Amino acid sequence: MATIKKFMYVNRKAPYGTVYALESLEVVLIGAAFDQDVSLAFVDDGVYQIMKGQDTSGIEVKNFSPIYSALGDYEVTKLYVEKESMEERGLTLDDLMPLVYEDEDDDWAEKDSITVVSRAEMAELLEQQDVLFNF
Amino acid sequence: MKLAIQINEGPYQHEASDSAYLFTKAALQAGHEISRVFFYHDGVNNGTNLTTPPQDDRNIVKRWSELATENELDLVICVAAAQRRGIVDQGEMERNGKSAQNVADGFRISGLGQLVEAAIEADRLVVFGD
Amino acid sequence: MSTLHTVNKSPFEKNSMSSCLSHSVADSAILMIEDGVYGAIKNTSIAGDIDSAVKEKSIYVLGPDLKARGLNEDQLIDGISVVDYAGFVELVCANDKVQNWL
């Protein structure tokens, strides 16, 4: 029997200032091939990873934000964004990229990948996982 | 119990590799299996054989190599992170036309899938980073 | 289900400690390592938060990291236990998973 574990990638760092966000995303993409029950959490500065309108042309670094939009194609469709982390940073959902996926079980209807959760709900989500990835 | 370790930081700059090493040693002493140690981000720099630390300091790379030999540890350096940072084995040297290889004894370069696989197969994943 | 949380940052430099405290459910285990050990000391600006956490969570500090930084057990907030690396390993095994607040 193949083991299916609940994997959560916990993103707590902003992009570009350090490489953690990008290299974490690389694990998510590779990990998608392993057919685990995958979700991503965006907590603390991690919420900055999925900001709309990222333009890195002035810093000569690759803009990797489009990869988040492609996660649905990798069947990575559970993205939990913490409400308190957004609020502390003066952000609302409108400041984030609209991330969606096509639900094959529902006639390929387009659905939101992002679920906004409270800090208490995030704590519960962490608790429900088998493996927590931190970068 | 089967434990997998991930190290995100290079040697000497950050305590992560020291903590991971001492944790690994303690786990082995307690009779646990360390199924894999995965070096990611700047952690790949733990696997270069070109370091020359001062005589009175610990030799981080060498002691990982020795621990690996003594306990048949699987020390895996992430290839994508390694290519960015200049950690090169024989195969990478030939493929990318580099002038040298610098992977220390007991380490091997492999893909990110090795981290995911380790997380699936081990009972616990413990991450040491910044 | 139970989780071991580790914190390796000084609470005066990064928010890892406060994030850990607010994201760990009751009965969790929290281990302070590396610069995280500064969070275990009495009379700091965050000691009150740790004090409250001790009441519903098990809080540990890694002895070798404490000693390295010139700190000792007498300076710890009441209710925090000191473990060595063997104890760290035991905590990892005794909980189902590990969340490392880097």
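The values are calculated or read from the model by the stated rules, or taken from the named source; none is laboratory data. Nothing here was measured: the structure is a model prediction, and the numbers come from that model. We place every Cβ from the backbone using ideal geometry, glycine too, and count neighbours over all the protein chains shown. The accessibility values were calculated without ligands, DNA or RNA, using every heavy atom of the protein model including side chains. Shrake-Rupley method; radii C 1.70, N 1.55, O 1.52, S 1.80 Å.
Tabulated data
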{"item": "Residues within segment A:1-14 that are at pLDDT below 95 and more than 10 Å from chain B (Cβ to nearest Cβ), tallied", "result": "1"}
{"item": "Pick from segment B:80-105, criterion of a type in the set (D, E) and open to solvent by less than 70 Å² (accessible area, probe 1.4 Å), ranking: farthest from the chain's Cα centre (by Cα)", "result": "B:E92"}
{"item": "Residue tally, condition more than 21 Å from A:L125 (Cα to Cα) and under 14 Å from the mean Cα position of the chain (by Cα), over segment A:35-87", "result": "10"}
{"item": "Residues within segment B:1-15 that are assigned to a strand (DSSP E or B) and open to solvent by 20 Å² or more (accessible area, probe 1.4 Å), tallied", "result": "1"}
{"item": "Candidate set: segment A:114-135, residues that are away from chain C (no Cβ under 14 Å) and out of contact with any helix residue (DSSP H, G or I) (no Cβ under 6 Å at 6 or more places or on another chain); chosen: the one surrounded by the fewest Cβ atoms within 10 Å (Cβ to Cβ)", "result": "A:T115"}
{"item": "Neighbours by Cβ (under 6 Å, 6+ apart or cross-chain): first from segment A:68-90, more than 20 Å from A:Q129 (Cβ to Cβ); second outside any loop (DSSP other than H, G, I, E, B)", "result": "A:Y68/A:I50; A:G72/A:Y101; A:M86/A:V47"}
{"item": "Index of the failed condition, A:Y80 passing every other in (1) under 22 Å from C:N100 (Cα atoms); (2) assigned to a helix (DSSP H, G or I); (3) open to solvent by 30 Å² or more (accessible area, probe 1.4 Å)", "result": "(2)"}
{"item": "Within segment C:20-51, considering residues that are closer than 22 Å to C:L71 by Cα and among the hydroxyl-bearing types (S, T, Y), the one most open to solvent (accessible area, probe 1.4 Å)", "result": "C:S45"}
{"item": "Segment A:15-24, subset out of contact with any Pro (no Cβ under 9 Å at 6 or more places or on another chain) and more than 10 Å from chain B (Cβ to nearest Cβ), residue nearest to A:F135 (Cα to Cα)", "result": "A:P15"}
{"item": "Hits in segment C:1-19 (condition: open to solvent by less than 10 Å² (accessible area, probe 1.4 Å), more than 10 Å from every other protein chain (Cβ to nearest Cβ) and either touching a Phe, Trp or Tyr at 6+ places or on another chain (Cβ under 6 Å) or modelled with pLDDT under 95 (or both))", "result": "C:V7"}
{"item": "Pairs where the first residue, in segment C:6-31, is charged (D, E, K, R) and the second is open to solvent by 10 Å² or more (accessible area, probe 1.4 Å), C-beta under 8 Å, 6+ apart", "result": "C:K9/C:D35; C:K9/C:L102; C:E13/C:D35; C:D27/C:S2; C:D27/C:E56; C:D27/C:K57; C:D27/C:S58"}
{"item": "Matching entry among A:E102, A:E87 (being acidic (D, E) and either under 20 Å from A:L25 (Cβ atoms) or assigned to a helix (DSSP H, G or I) (or both))", "result": "A:E87"}
{"item": "Single residue of segment A:51-77 satisfying the filter (charged (D, E, K, R) and either touching a Ser or Thr at 6+ places or on another chain (Cβ under 7 Å) or assigned to a loop (DSSP other than H, G, I, E, B) (or both)) that is surrounded by the most Cβ atoms within 10 Å (Cβ to Cβ)", "result": "A:E75"}
{"item": "Any hit, segment C:65-81, residues being in a helix (DSSP H, G or I) and closer than 30 Å to A:V117 by Cβ", "result": "no"}
{"item": "Those residues of segment B:16-49 which are of a type in the set (D, E), more than 17 Å from A:T18 (Cβ to Cβ) and not in a strand (DSSP E or B), in sequence order", "result": "B:D18"}
{"item": "Pairs where the first residue, in segment B:90-102, is within 17 Å of B:N46 (Cα to Cα) and the second is aliphatic (A, V, I, L, M) and open to solvent by 50 Å² or more (accessible area, probe 1.4 Å), C-beta under 7 Å, 6+ apart", "result": "B:N102/B:L50"}
{"item": "Single condition A:Y48 does not satisfy, out of (1) touching a residue at least 40 places away in the same chain (Cβ under 8 Å); (2) open to solvent by less than 10 Å² (accessible area, probe 1.4 Å); (3) within 14 Å of chain C (Cβ to nearest Cβ); (4) within 20 Å of A:E26 (Cα to Cα)", "result": "(2)"}
{"item": "Only one of B:V103, B:V37, B:V79, B:V88 that is closer than 24 Å to C:L62 by Cβ and among the β-branched types (V, I, T)", "result": "B:V37"}
{"item": "In segment C:85-94, residue farthest from C:S18 (Cα to Cα) [restricted to those that are facing another protein chain (nearest Cβ under 8 Å) and open to solvent by 10 Å² or more (accessible area, probe 1.4 Å)]", "result": "C:A86"}
